[in-house]
1. For Q11, only one of the following conditions fails: (1) in a helix (DSSP H, G or I); (2) modelled with pLDDT of 90 or more; (3) over 11 Å from L137 (Cβ atoms). What is its number?
2. For the stretch 59-150, give me every one of the helices (runs of 4 or more DSSP H) that falls completely inside it and has 3 or more residues that are among the aliphatic types (A, V, I, L, M).
3. If only one of L251, L235, L243 is of a type in the set (A, V, I, L, M, F, W, C) and modelled with pLDDT of 95 or more, which one is it?
4. Given the condition touching a residue at least 24 places away in the same chain (Cβ under 8 Å), within 30 Å of G236 (Cβ to Cβ) and either of a type in the set (A, V, I, L, M) or assigned by TED's automatic domain parsing to the domain that holds D122 (or both), answer yes or no: does some residue in the stretch 322-336 qualify?
5. Taking A295 as the residue in question, decide whether it is closer than 17 Å to F327 by Cβ, touching a Pro at 6+ places or on another chain (Cβ under 9 Å) and either of a type outside the set (V, I, T) or touching a residue at least 12 places away in the same chain (Cβ under 8 Å) (or both).
6. State which residue pairs qualify: first residue in the same structural domain as K389 (by TED's automatic domain parsing) and inside the stretch 419-433, second residue at pLDDT below 85 in any location, beta carbons under 6 Å apart, and separation of 6 or more residues or different chains.
7. Select from the stretch 518-532 the residues that are in a loop (DSSP other than H, G, I, E, B) and small (G, A, S) and list them in ascending order.
8. State the number of residues belonging to the stretch 389-415 that are aliphatic (A, V, I, L, M), over 33 Å from the mean Cα position of the chain (by Cα) and not in a strand (DSSP E or B).
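The values are calculated or read from the model by the stated rules, or taken from the named source; none is laboratory data. Owing to the predicted nature of the structure, the values given are computational and were not obtained by experimental measurement. FYI the Cβ positions are ideal-geometry reconstructions off the backbone, even for glycines, and counts take in every protein chain you see.
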Amino acid sequence: MPLFQQSLLKQDIGHLRIIAGFWGIELESADSDSALEELCASLLDLEAVTETMDILPAEARSALNALVESGGKMEWVIFARKYGEIREMGAGRRDRERPHMKPISVAEILFYRGFIAKAFFDSGKGAQEFAYIPEDLLELIGELENDAGGDEIKKVSEPLGRPATPLEKAIEIPATDHILDDATTHLAALRMGKTDFMPDPQLTALLTTAKLVNKDIPQTEAMKKFLEAPRSEALGMLFTAWLDSPTFDELRLIPSLVCEGEWKNQPLVTREFLMDLVNSIPQNKWWSLPAFLRAIKEKFPDFQRPAGDYDSWFIKRASDGQFLRGFAYWDSVDGALVKYFIQLLHWLGRVNLAAPEEGKEATAFFLLSPALSSIEGSFDEKKKEERGKIVVASNGKITVSRYFSRAVRYQISRFCEWEDQKQDDYIYSVSARSLKRAGEQGLKAEQLLAMLVKYTNGTVPPAMVKALKRWEEHGAEARVENLLVLRVSKPEVMEEMRSSKAGKFLGELLSPTAVTVKSGAIEKVMAALAELGLLAEVKE
């Protein structure tokens with residue numbers, strides 16, 4: 001940051017005399033350059049800094065402490081929002097109105113005492129205007145605080161917010177690794193091209209980020225590694241992919257918001273900032289989510305906004321289409337992002353949540369260690385494998401436990417119809433249609449049979465074994481279908497119909513007086529009957 005002298009180079013001698021007056025210094029120089037050197041020589045002294053800081057108003061001292069805590073500088077939009085603006089005026093107006101004697105803000109109090117200045121600095125968001133303490137003055141303030149034991153300057157690493165109250169953490173919602181099972185289902189559905197499958201946009205984005213999917217196409221090698229990995233390792237793959245992703249955009253995935261337009265945000269920069277805040281919170285301690293949000297809004301409200309811009313991002317509320325522009329909607333947009341971020345950490349097994357009542361929004365979170373074994377209620381890989389099993393019924397139903405091998409469940413699901421999940425079990429059924437669909441993907445019924453025999457220790461019911469073997473040899477040996485049937489009163493009428501121009505619309509002869517009607521041809525058959533002098537009725 002610039003030094004004190006560099007910060008005041010553009011100020012006229014009148015401004016320098018105002019600063020000198022607040023420091024109890026009488027300038028003898030008549031020109032700005034000499035006066036500035038004289039001011040620096042007198043002001044940059046530990047004793048002078050001590051005396052001047054001691055008589056600062058409490059709110060001005062608090063603002064100065066906040067700047068020191070932020071490393072000596074703070075984005076101007078953040079600083080001004082909390083401590084007020086500095087009126088722009090020339091020397092003539094300043095000398096008439098004497099703003100230093102009637103300051104309208106804390107910022108003006110510090111500005112006319114030389115404690116702060118404004119300048120543009122490069123940041124992760126580009127060049128932005130900052131409030132800052134001149135570098136050499138900041139060093140003296142640091143010495144003063146160190147000599148005093150640093151009681152008045154809080155450490156930047158201190159966590160934001162406070163521990164959760166008993167009410168905020170009343171109903172605990174432990175983290176799980178169920179995302180792995182959802183991912184397995186998602187990958188199988190994509191591989192099978194299931195048109196009735198409704199993908200989760202959040203999970204789709206994560207699997208794409210983890211390079212398991214590319215344009216809705218599962219990537220075979222990456223997917224195989226993921227499905228065969230131990231659960232803790234697989235969860236770590238997803239977490240790391242999310243944490244390091246420049247493309248996973250949490251803001252655009254929040255269900256309550258609709259983002260429109262060509263504006264760009266920086267999800268990776270934002271995620272890294274929020275992770276730093278979360279990581280400063282003590283592990284194994286329940287923390288208040290509302291207090292955490294309030295502290296971010298107070299200290300770092302522009303954590304995702306370049307230059308504090310609240311107007312150029314076109315974001316609507318999904319429920320009613322209301323545009324959410326301006327700082328007034330911070331809670332609905334920026335606050336919602338922080339909540340969503342904590343929910344993602346819960347989804348990825350890194351925090352437990354808690355609520356005041358069942359079904360209420362989370363009001364507390366509990367930071368876990370990276371190891372999956374830290375997840376409350378979890379158990380080690382070996383115990384999961386012991387608990388997981390496959391059960392095959394003689395009617396073609398296959399039940400696969402959530403805790404069984406994900407790679408095996410992925411393969412079994414490709415041969416089957418999917419039924420509703422029941423608690424920790426996935427229910428599938430084998431049918432002619434599912435086996436036909438599997439065959440179109442190059443899969444054979446004997447492969448399914450081999451897997452079932454292997455992973456049930458040979459307890460596959462004989463009826464299922466017989467059905468799969470017969471399918472492999474003969475395909476479908478029975479058919480159930482809906483047919484439209486034409487019935488006539490006498491065989492002679494049937495012969496007349498079959499020899500007429502309507503004959504091409506008739507199908508399989510079921511009896512001397514009954515024949516199937518080809519799909520979509522009922523109107524043509526009715527017309528042909530009318531031409532033969534026969535009026536027919538249609539029964540649903």
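1. So Q11 meets the others, but not (1).
2. Working: elements: 76-83, 91-97, 106-111, 135-147.
Fully inside the stretch 59-150 and qualifying: 76-83, 106-111, 135-147.
3. L251
4. yes
5. yes
6. Cβ pairs passing all conditions: A432/A476.
7. S519, G520, A521
8. Count: 1.
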